[in-house]
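Undergrad: So that we are looking at the same thing, I have put the structure below in structure tokens.
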Amino acid sequence: MERPRHQGMAKNTYMRWRLPLVCLLWEVAMIVLFGVFVRFSPEADAHWEEEKREMNLTSDMENDFYFRYPSFQDVHVMIFVGFGFLMTFLKRYGFGAVGFNFLLAAFGIQWALLMQGWFHSFKSGKILIGVENLINADFCVGSVCIAFGAILGKTSPIQLLVMTLFQVTLFAVNEYILLNLLHVKDAGGSMTIHTFGAYFGLTVTRILYRPNLEQSKDKQGSVYHSDLFAMIGTLYLWMYWPSFNSAISDHGDAQHRAAINTYCSLAACVLTTMAFSSMLQKKGKLDMVHIQNATLAGGVAVGTSAEMMLTPYGSLIVGFICGIVSTVGYVYFTPFLESRLHIQDTCGIHNLHAMPGLIGGIVGAITAAAATEDVYGKEGFIKAFDFTGVYQTRTPSVQGGFQAAGIVVSLLMAFAGGALVGAILKLPVWGDAAAENCFEDDIYWEVPEDEESDAYHMHNPDKPASP
Amino acid sequence: MERPRHQGMAKNTYMRWRLPLVCLLWEVAMIVLFGVFVRFSPEADAHWEEEKREMNLTSDMENDFYFRYPSFQDVHVMIFVGFGFLMTFLKRYGFGAVGFNFLLAAFGIQWALLMQGWFHSFKSGKILIGVENLINADFCVGSVCIAFGAILGKTSPIQLLVMTLFQVTLFAVNEYILLNLLHVKDAGGSMTIHTFGAYFGLTVTRILYRPNLEQSKDKQGSVYHSDLFAMIGTLYLWMYWPSFNSAISDHGDAQHRAAINTYCSLAACVLTTMAFSSMLQKKGKLDMVHIQNATLAGGVAVGTSAEMMLTPYGSLIVGFICGIVSTVGYVYFTPFLESRLHIQDTCGIHNLHAMPGLIGGIVGAITAAAATEDVYGKEGFIKAFDFTGVYQTRTPSVQGGFQAAGIVVSLLMAFAGGALVGAILKLPVWGDAAAENCFEDDIYWEVPEDEESDAYHMHNPDKPASP
Amino acid sequence: MERPRHQGMAKNTYMRWRLPLVCLLWEVAMIVLFGVFVRFSPEADAHWEEEKREMNLTSDMENDFYFRYPSFQDVHVMIFVGFGFLMTFLKRYGFGAVGFNFLLAAFGIQWALLMQGWFHSFKSGKILIGVENLINADFCVGSVCIAFGAILGKTSPIQLLVMTLFQVTLFAVNEYILLNLLHVKDAGGSMTIHTFGAYFGLTVTRILYRPNLEQSKDKQGSVYHSDLFAMIGTLYLWMYWPSFNSAISDHGDAQHRAAINTYCSLAACVLTTMAFSSMLQKKGKLDMVHIQNATLAGGVAVGTSAEMMLTPYGSLIVGFICGIVSTVGYVYFTPFLESRLHIQDTCGIHNLHAMPGLIGGIVGAITAAAATEDVYGKEGFIKAFDFTGVYQTRTPSVQGGFQAAGIVVSLLMAFAGGALVGAILKLPVWGDAAAENCFEDDIYWEVPEDEESDAYHMHNPDKPASP
């Protein structure tokens, strides 16, 4: 397993004390903070029985758990299996893809429960959590999984944990600005999750630019079965995206509508992705990279507007456009970003999350600006945009303006935060691999002996076999 | 990658302009038709707030979304992961299996929303869609996925899209005849989905008969890991089938009962499949083909009767029989169909869907004919069979007769429709591959270089390596 | 495929008549017993309509189906995909892992419906089943899947069926003693499922000790892609465990709370597993075996207490400890158990289920003993522990004592039952393989020719190729 390395490039990737230290200390910190701050929301607390009577609730069925738990589980699958397996497409980085995604997400949801809790669920000194908080924590971590896609294969697990710590923090701040200060709607997170997460990740990978990355070029591709593993991730993301976009919408028609809009957008997106994947390749063959990724752009792009009266055909149009934009991005933009802007984007998150996220923010702004009492009904109109209290006098066009402002804020937060975090990750203490060892599980994982060496010799027939 | 081909057999499989053209034009057509016709059902519309008050509904929880959305998501997984991965068993057609299934299903659900909408949800010029429509669209596409199983590996993506267009149309007509004209019960689709879909697909593959298919015999088998990928499909179909058969049943006890009956039938089916798989093989070894497919026959065969008072032991009996019939089918009928009737059935849908579908129709007819007020209760009896309005006077035995008529109609529609569509697909313009290139992803997909050539040379050691 | 075997070790693994006979006879027995005993519960029966009116239920939504069906489906996935794929990590036993798990679980759920039904749902001569019974049957089979993990690769399918028959029976007896006689709470089954299942399996594998097992040492490892298949199992178990621990809790806040506690415990467990996996390996690399298994220990260990007021930080602490205990177990205890105690534990269930199960029982006892009306509320306190009827006067500390007694009873049942069943399985009639053929699908399965022989020769370059 141990192979000679270029003297000059040798880097210390030894994790034995660093990784355990970070994991254990941070988890102890979580326990302390949870102990001080986190309690059950009334609906998850045994006291609920009495509160329920006061609230005149007729049934346990009214517990938010039954409105949201199935959607929560779908979102949970998207974060861990969806993102995890989507990134297993690399021939020799499957362990890192699914394993590091597991690690960062497991840490991230705890930290997100705290950060989001302080901003949104803080009552008399305690954070009260219920199923909606679990969904929001998963959402927040989703933005970290997106950023992970840009730096996949090039960072150590410690770097990923550090990035998660900062990104979750910044996510919560950005989300607070958007939802609470700007009073913006973004139930499916086109802006808060996708735009923010993607441009954050792209900025980080720009700062971590590796000029010699072509040294591991042979490992940046897929093999036949790794592409099939990745399709597991793709399909679970695609199938459950209607749950993602509807998970925290208002009970009833809003959840219902958000699921339908997302279903439509995703369906249209598949057809234009296939069309352009074939059209942009000389031999007219389909490219698995596009099918694995661009088919999902339609879900990203209705994240803001799915719970609004976007209508099924409006959703089809958005999906139609995003399949094209995303596929074109893989063919033309990704190589351009790498060669000209020095942005090495392993999974092409620019095409799957950044551009569709921006489109999603814009579509949301337009849909909000175009809202009328005629379409939403008098009550529905107020409910859909929460035009109550201090926002009672806000008009749809003003709301559209604030939605647009939300995009700008998310972008700024992403660039500034990504620059800061990128700079921190550049410190030479985190144990990242040399360029020639990127995209290689062997650095951080025990890899089964025979398979590994078999594969190694197949791909490097000129190198001598290890004993 | 480019290998010399037999001169005489050379076929033009170039997709570059044909596939994009079909995908884009058809998707534009979808957008136009959705724009003209499709709107949200009241329960998904923001206006709902006001209607709800009129209907005296006590809670958002009464929204059909909460009755059906978890089942919808399970059905969705069956269509995309279940059928998609079930067909990845072929050693070199995994991309086509999961990718083309993705394509045809994504198009099919849109077209199904329209076709089924015109027949069933058309009100004052608009199709009003809600979660039940999404389930029905997935169901309709399920019948196309079944037919795809018969022609897997032998058709171009354009042929699959053309087949989808026609089959969805015919499905909707057949469904209308059964459910509305004959007033037949078929919540899990033994007749409308399985019998129709399977005999349709078998007719198509009969017409597309390829006399030289043994030229790609070496690619018709599985490899070790492709069989494991296929088991992902199998297990998701098996586990979620109770959701499939109960997804559109009446709220309450009917959904509950349908899930239990299906659970029981499927459990019994696994044991008889294992028994006969071992028994029918000389060395007594189990065959993955049987485990992957015949274990599911029990779900197909209670599709009609699961929501009726079939009872758990009745379900066990149906599952018991179908495991046997299906496994015997794989061992004896499939070779017979190919050699004598020239029906080349790649996945053996005759054993998994056609025969069990017929059994399901018959079991449904018998169960309906045997219904009594004693068993169902006075109200339950009327509710279970919708014996209201013009059907107020229909007796169980008459219902049984109509159920049987439903089987015949489905068969006729399948044969006629399959013949028509088969003839269309035989036109030499759709870009299907030559017999020697069937079951080969390389024709329509970019396949990773090294793995592909490695595998190629392993399997064809006498051919020279590509440079 | 047929290779010469050591003369002295030759064993008859021919299944052709034995396996079908067992499967068919037992399934016929199930049908007869279901016919005599099993009927629908009122909520799944068509008669329900009338009963509902009597019970003054306002809506179909009150049907238990809607409270529990989504959780049921998650549990179902855990049993069939979770356990099935978790065990596919072996390089040449994937078919056996997923296929035999499928077989034993499909039989087990039927037998469990009967056994648990006689104890818990027996009314006027009939077992009345609904969705909660399906969940409990899956739970019961879960304990068999756990035991299967200890003997994976070393037993014939008939042995597995025999073990299932006995273990389900003993499970039901143990569960009856705990839940009904001791009035113990154990909604997530730390004691009934994990402690019982694991120590049962460990006792069985001790009795089936194979001194020459190192003859198949080369097959006891994984290959790169088999480790990825196993991660599918891991992630589904991890993601759906909150559903597992909350599936049969009381409606409302108890289900809600159980899900949150489990979510927290599992998240913490991932971090300590990663930390210790890296720390305990000289090179500091992560070991897939730990990630695949020890990350789940946190779910096991809150099985009893998740529905109690364990609180989120309490859950984090439990998860923190169990990730460490379990990982340390894989590194130090498993080799010790094998070399000193002759316990050959293929999947390391001692680390994933036995120790965390014990911890779970103890945590449950402490949490129950520490309960106060102050924390639970007056009503919530009585409801949480069912302190009604004859148990009206039971105090929390007495309840804690009974909980502890439940652990002891489960252990005794496991040791006694495991010894009995181990002795039965030792009879030389069940067709298990010789030591040299363990962990080898080829014995009981048709394995695809080329892949199998390719792999075989790669791993055994000194043996001559089969023709």
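Undergrad: Please give the helix B:396-425 orientation as an angle from the longest Cα principal axis of chain B, in degrees from 0 to 90, rounded to the nearest 10.
TA: The angle comes out at about 30 degrees.
Undergrad: With a Förster radius of 35 Å, plug the Cβ-Cβ distance of C:Glu449 and A:Lys11 into 1/(1 + (r/R0)^6) and report the FRET value to the nearest 0.05.
TA: My answer for the efficiency is 0.20.
Undergrad: If you average over every viewing direction, what projected area does the convex hull of the Cα atoms of chain A give, in nm²?
TA: 23.7
Undergrad: Now, a different point. For chain B, what is the relative contact order in percent, using Cα pairs closer than 8 Å and at least 6 residues apart in sequence?
TA: 22
Undergrad: Work through the residues other than B:Glu132 whose Cβ is under 10 Å from its Cβ and net out their charges, Lys, Arg +1 and Asp, Glu -1.
TA: -1
Undergrad: Placing the label point 7 Å from Cα along the Cα-to-Cβ direction, what are the distances from A:Gln392 to the equivalent spots in the other copies, shortest first, in nm to one decimal?
TA: A:Gln392 label point versus its equivalents elsewhere: 5.3, 5.3 nm.
Undergrad: So, one more: Work out the mean other chain Cβ neighbour count within 10 Å for the residues of A:15-27 and drop it here as an integer.
TA: Working: counts 9, 8, 3, 2, 8, 10, 3, 3, 11, 9, 2, 2, 13.
If you average over the peptide's residues, the count of other-chain Cβ atoms is 6.
Undergrad: May I ask you to sort B:Asp441, A:Asp253 by Cβ crowding, counting other Cβ atoms within 10 Å and putting the fewest first? Don't skip to the end; give the middle numbers.
TA: Values: B:Asp441 25, A:Asp253 30.
Arranged by neighbour count, lowest to highest, B:Asp441, A:Asp253 become B:Asp441, A:Asp253.
Undergrad: What is the helix-to-structure angle for B:196-207, meaning the angle in degrees between its Cα long axis and the longest Cα principal axis of chain B, kept from 0 to 90 and rounded to the nearest 10?
TA: 30
Undergrad: So, counting K/R as plus one and D/E as minus one, what does the shell of residues with Cβ under 13 Å around A:Leu182 add up to?
TA: Value of the local net charge: -1.
Undergrad: Looking at the protein assembly as shown, send over the antiparallel percent of its DSSP beta bridges, to the nearest 5. Could the numbers behind the result be given before it?
TA: On the way: 6 of 18 bridges.
Approximately 35 percent, going by the DSSP bridge assignments.
Undergrad: Once label points are set 7 Å from the Cα along Cα→Cβ at both A:His120 and B:Lys282, what is their separation, rounded to one decimal in nm?
TA: For A:His120 paired with B:Lys282, the spin-label model returns 6.5 nm.
Undergrad: What's the exposure ranking of A:Asp138, A:Asp45, A:Asp227, going from fewest to most Cβ atoms within 10 Å?
TA: A:Asp45, A:Asp138, A:Asp227
Undergrad: Averaged across A:34-43, how many Cβ atoms of other chains sit within 10 Å of each residue's Cβ atom?
TA: So the per-residue partner count for this stretch is 5.
Undergrad: Can you give me the convex hull volume of the Cα atoms of the range B:1-131, divided per residue and expressed in Å³? Intermediate results must be reported in sequence, preceding the final value.
TA: On the way: hull volume 20.6 nm³, N = 131.
So the per-residue Cα hull volume is 157 Å³.
Undergrad: Taking neighbour Cβ counts within 10 Å as the exposure measure, how do A:Met413, B:Met274, C:Met87 sort from fewest upward?
TA: Starting with the residue having the fewest Cβ neighbours, the order is A:Met413, C:Met87, B:Met274.
Undergrad: OK, next. Restricting things to Cα coordinates, could you compute the convex hull volume per residue of the protein assembly as shown in Å³? Each step should come with its number before you reach the end.
TA: On the way: hull volume 222.8 nm³, N = 1401.
Hull volume over Cα atoms, normalised by residue count, gives 159 Å³.
Undergrad: Would you calculate the separation in nanometres between label points at A:Thr395 and B:Tyr209, each defined as 7 Å from the Cα along the Cα-to-beta-carbon direction?
TA: With each label point 7 Å from Cα toward Cβ, the separation is 7.3 nm.
Undergrad: Now, a different point. For the protein assembly as shown, what is the mean residue ellipticity at 222 nm derived from helices alone (per DSSP H run of n ≥ 4: -39500 (n - 2.57); sum divided by total residues; nearest 500 deg cm²/dmol)?
TA: One gets -19500 deg cm²/dmol as the mean residue ellipticity at 222 nm.
Undergrad: Give me the net charge for the shell around C:Val81: Cβ to Cβ below 14 angstrom, other residues only, Lys and Arg +1, Asp and Glu -1.
TA: -3
Undergrad: Now for a different question. Under a 5 Å amide H to amide H cut-off, with H placed in plane at 1.01 Å, what residues pair with A:Ile129 once short-range neighbours are removed?
TA: Those lying under 5 Å, H to H, from A:Ile129 are A:Arg39, A:Phe40, A:Ser41.
Undergrad: Got the B:Val28 label distances to the other copies yet, label 7 Å along Cα→Cβ, in nm, shortest first?
TA: Those label-point separations list as 6.6, 6.6 nm.
Undergrad: Calculate log10 I(q)/I(0) of the range B:236-381 for q = 0.13, 0.14, 0.18 Å⁻¹, where I(q) comes from the Debye formula with a single equal point scatterer on each Cα and nothing for solvent.
TA: Once normalised to I(0) and log-transformed, intensities are -0.56, -0.64, -0.94.
Undergrad: Ok, one more. How many lysine pairs are close in the range C:70-444, with Cα atoms under 15 Å apart and the two 8 or more places apart or on different chains?
TA: Taking the Cα cut-off of 15 Å, the pair count is 7.
None of the figures in this text is laboratory data; all of them are computed from the coordinates on show. This one's a predicted model, so the numbers in the text were calculated from it and none came from an experiment. Every residue, glycine among them, receives a Cβ derived from its backbone with ideal geometry; neighbour counts consider all protein chains shown.
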